[in-house]
Amino acid sequence: MSEPWEEEGPGTIKKFLYVNRKAPYGTIYALESLEVVLIAAAFEQDVSMAFLDDGVYQIKKGQDTKGIGMKNFSPTYRALEGYDVEKLYVEAESLAERGLTEDDLLVPVEVMSRAALAELMDQQDVILSF
Amino acid sequence: MSMLHTVNKSPFERNTLNSCLGHALPGSAILLIEDGVFGAVEGTAQADTLRAALADRAVYVLGPDLLARGMTAEHVIEGIAVVDYNGFVELTTQYDKVQSWL
Amino acid sequence: MKYGILVNEGPYQHQASDTAYQFAKAAMEQGHEIFRVFFYHDGVNNGTRFAVPPQDDRKIPDLWSEMAEQHGTDLVICIAAAQRRGLLDEGEAKRQGKDGNNIAPGFRISGLGQLIEAGIQCDRMMVFGD
């Protein structure tokens with residue numbers, strides 16, 4: 001048993017996965033779930049973000065929101081790296097179904113197959129969906 | 001490590017169920033709740049999809065949500081177990097974690 | 001088992017809050033602990049003091065307030081989501097120069113960190129949404 005003053009480290013570290021399946025702007029889920037990830041960064045957990053189904057649209061380049069009067073929050077995804085949130089996974093099938101490629105995305109991501117993403121999901125401790 | 005997946009949307013409204021099934025590993029369980037219960041009903045255009053899933057995954061449906069929508073256990077695809085809220089809680093203890101598909 | 005619950009939708013509009021409530025109730029009846037119920041997105045609207053639903057139907061905000069009163073359940077409303085949607089406690093109302101506050105008994109306003117803490121502390125994190 002170590003003395004209290006000898007114990008160091010951040011305490012419990014869990015694998016958190018944020019599942020993003022919805023397009024931006026039509027609903028608030030993309031924006032507000034991103035806000036969770038940014039706040040969560042302070043807790044030094046093992047954080048991953050998965051973009052699948054319409055969630056892949058959240059990180060598509062070239063979002064011009066002036067005409068709809070909403071704030072373009074897509075640049076915020078580029079700030080994630082600065083918060084040590086670097087594990088961004090995009091589902092290959094979801095991209096292909098939507099006629100998109102990795103080049104259409106505004107941040108560096110790891111593209112993985114549905115099967116690989118299923119395995120990744122299974123390895124997580126806490127999965128948050130919005 | 002095995003997962004309990006919940007699906008709360010009708011397969012006729014959204015791709016939620018299909019997306020879940022595409023990611024639920026063998027040995028995992030799927031619980032249909034709220035409008036998701038329609039996926040459990042026999043004789044629909046979606047019934048074969050869930051029936052196929054039964055081969056390697058356990059499927060459950062939340063009884064109170066079925067009854068609310070005018071269906072009973074008799075309408076449910078064979079092999080899908082009907083549970084109540086107590087059963088829902090028990091399932092969350094039997095599986096290591098829960099993923100909610102919305 | 002220790003549960004964290006995330007409620008993403010408001011009362012009546014979606015079944016999420018009802019399902020979350022029924023789940024929490026069943027879990028407690030089985031002797032489990034509800035560590036925290038965190039209300040995000042439109043879920044913050046479950047914490048309004050001013051709901052006057054029809055007499056012959058359940059009063060969702062009251063159900064949650066009663067759960068807090070009877071079991072000490074920690075009901076947390078996300079401050080960022082609450083500010084967007086106009087849910088204010090007395091302190092927030094003063095700070096923001098608003099002429100009223102509307103939080104129901106048993107709810108408290110706090111930050112997204114409370115959600116992450118629940119994810120870290122709990123055995124299971126349940127998400128109810130749309």
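The values are calculated or read from the model by the stated rules, or taken from the named source; none is laboratory data. All values reported here derive from a predicted model rather than from experimental measurement. All Cβ positions, glycine included, derive from the backbone under ideal geometry; neighbour counts span all protein chains shown.
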In region B:16-51, the residues that are assigned to a helix (DSSP H, G or I), surrounded by fewer than 20 Cβ atoms within 10 Å (Cβ to Cβ) and more than 13 Å from the chain's Cα centre (by Cα):
B:Gly22, B:Asp48
In region A:12-60, which residue that is out of contact with any Leu (no Cβ under 9 Å at 6 or more places or on another chain) and of a type in the set (Gly, Ala, Ser) is nearest to the other protein chains (Cβ to nearest Cβ)?
A:Ala42
Being over 20 Å from C:Ala20 (Cβ atoms), without any contact (Cβ under 8 Å) to a residue 60 or more places away in the chain and within 13 Å of chain C (Cβ to nearest Cβ) is the requirement here; does B:Glu13 meet it?
yes
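Residues checked against (1) buried (at least 19 other Cβ atoms within 10 Å of the Cβ); (2) modelled with pLDDT of 95 or more:
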position	(1), (2)
A:Gly9	no, no
A:Thr12	no, no
A:Asp53	yes, yes
A:Gln63	no, yes
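Is there a residue being at pLDDT 95 or above, part of a helix (DSSP H, G or I) and surrounded by 12 or more Cβ atoms within 10 Å (Cβ to Cβ) anywhere in region A:108-115?
Looking through region A:108-115, at least one residue is at pLDDT 95 or above, part of a helix (DSSP H, G or I) and surrounded by 12 or more Cβ atoms within 10 Å (Cβ to Cβ).
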Look through region C:96-122, keep the residues that are of a type outside the set (A, V, I, L, M, F, W, C), touching an Asp or Glu at 6+ places or on another chain (Cβ under 9 Å) and not in a loop (DSSP other than H, G, I, E, B), and return whichever of them is farthest from the other protein chains (Cβ to nearest Cβ).
C:Arg108
Scan region B:52-84 for residues that are among the small types (Gly, Ala, Ser), closer than 24 Å to C:Gly129 by Cα and not in a helix (DSSP H, G or I) and jot them down.
B:Ala58, B:Gly70, B:Ala81
If I ask for residues that are farther than 18 Å from A:Arg21 by Cα, in a loop (DSSP other than H, G, I, E, B) and not hydrophobic (A, V, I, L, M, F, W, C), which ones from region A:75-99 would you list?
A:Pro75, A:Asp84, A:Glu86
Examine region C:77-84 for a residue that is in contact (Cβ under 8 Å) with a residue 24 or more places away in the chain and closer than 23 Å to B:Pro64 by Cβ, and state whether such a residue exists.
no
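Every residue, every condition in (1) assigned to a helix (DSSP H, G or I); (2) surrounded by fewer than 24 Cβ atoms within 10 Å (Cβ to Cβ); (3) within 14 Å of chain B (Cβ to nearest Cβ), yes or no:
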site: C:Ile5; (1), (2), (3): no, no, yes
site: C:Gly10; (1), (2), (3): no, yes, no
site: C:Tyr21; (1), (2), (3): yes, yes, yes
site: C:Val52; (1), (2), (3): no, yes, no
site: C:Gln83; (1), (2), (3): yes, yes, no
site: C:Gly91; (1), (2), (3): yes, yes, no
site: C:Lys94; (1), (2), (3): yes, yes, no
Which ones in region C:23-50 are surrounded by fewer than 21 Cβ atoms within 10 Å (Cβ to Cβ) and part of a loop (DSSP other than H, G, I, E, B)?
C:Gln30, C:Gly31, C:His32, C:Arg49, C:Phe50
